[in-house]
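For reference, the structure is listed below as structure tokens.
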Amino acid sequence: MPTSLPVVVDRTSPVPLYHQLAEQWAAAIRSGTLKPGDPFENELALVARLRLSRPTVRKAMDELVRQGLLVRRRGVGTHVASTVVHRREAFVPLFEELRSSGRQPRTEVLRLQAARPNPVAARALGLARETSLTYLERLRFAEGRPLVVLRSWLPPRFNDVTATDFDEHGLYEVLGWRGVEQAVARQRVAARLPTGRERRLLELPRHAAVLAVTWLSHDAEGQALEYGEHTYRGDSQVLDNTLHRGASL
């Protein structure tokens, strides 16, 4: 049963009515009042309850769909999106973003190998193809649900990382302990079908797509930090941006 959220609309305000609605609904989603997967009140019911025009209500809902907070499915209706990751121009690492939004991130380290060559990753990191890299594979959960398989190759200077480093911390916090103060990253996103292993790890239904993210980050001096191949559930949102990190991780 959809939750009928109380909203306050000020018709004398210069702020457009649709924007007032969208802001209050977005706040309810981000605060957890509306949870991932919850059904959202339908358009006609909102029009009747709020005594607003249908275009106003539709525009507000469209804005939340655009932000990735609501998902419309034909024959099913509108629901709060499953855990959504928003990539902004500020470089906020995934673990930190989930934690700051109250989404209770948890990490399971699947593999950690301190001497594993990968010519593609080495080339991306600006290293000789035979360089032994540290390979780190993690399964990241948000609110108890698997969100993304993170595969990272790190240059040899980070070969001292341990699996326990990631019990309660993200990769860029761990690198911060080793003196990394700034970072710039580039990510590229493509949709594809998951491998069988990815489907099992992410608990995906048959025929569900994933978002494959290729990631490369550098510190403030231009030294490579991480080459990543990350696989997100298809119901999360990732944008292709250049991301800049501030003075501290």
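The values are calculated or read from the model by the stated rules, or taken from the named source; none is laboratory data. Keep in mind it's a predicted model, so treat the numbers as computed, not measured. All Cβ positions, even for glycine, are placed from backbone atoms using ideal geometry, and neighbour counts span all protein chains on display. Only protein heavy atoms, including side chains, enter the accessible area calculation; ligands, DNA and RNA are left aside. Shrake-Rupley method; radii C 1.70, N 1.55, O 1.52, S 1.80 Å.
Among the residues of the range 41-69, which ones are closer than 21 Å to L147 by Cβ and touching a residue at least 40 places away in the same chain (Cβ under 8 Å)? Those that are closer than 21 Å to L147 by Cβ and touching a residue at least 40 places away in the same chain (Cβ under 8 Å): L64, Q67, G68, L69.
Within the range 134-157, one or more residues are open to solvent by less than 50 Å² (accessible area, probe 1.4 Å), among the acidic types (D, E) and outside any helix (DSSP H, G or I). Of the residues examined, A163 is not one that is of a type in the set (A, V, I, L, M, F, W, C), modelled with pLDDT under 90, out of contact with any helix residue (DSSP H, G or I) (no Cβ under 8 Å at 6 or more places or on another chain) and more than 17 Å from D219 (Cα to Cα).
Taking each residue of the range 178-203 that is closer than 20 Å to R233 by Cα and looking for partners that are open to solvent by 80 Å² or more (accessible area, probe 1.4 Å) and aliphatic (A, V, I, L, M) with beta-carbon atoms closer than 9 Å, six or more apart or interchain, yields R199/L193. For the range 160-215, filtering for residues that are open to solvent by 40 Å² or more (accessible area, probe 1.4 Å) and in contact with a His (Cβ under 7 Å, 6 or more places away or on another chain) leaves 1. Residue pairs whose Cβ atoms lie under 8 Å apart, separated by 6 or more positions or on different chains, with the first residue in the range 129-146 and in contact (Cβ under 8 Å) with a residue 24 or more places away in the chain and within 17 Å of E198 (Cβ to Cβ) and the second basic (K, R) and surrounded by fewer than 16 Cβ atoms within 10 Å (Cβ to Cβ), are Y135/R111; Y135/R116; L136/R111; E137/R111. Hey, could you check the range 1-40 for residues that are part of a helix (DSSP H, G or I) and closer than 22 Å to R145 by Cα and say which is most open to solvent (accessible area, probe 1.4 Å)? The selected residue is R30.
Scanning the range 60-105 for residues that are over 17 Å from A27 (Cα atoms), open to solvent by 40 Å² or more (accessible area, probe 1.4 Å) and modelled with pLDDT of 65 or more yields R72, R73, R74, G75, V76, E96, Q104.
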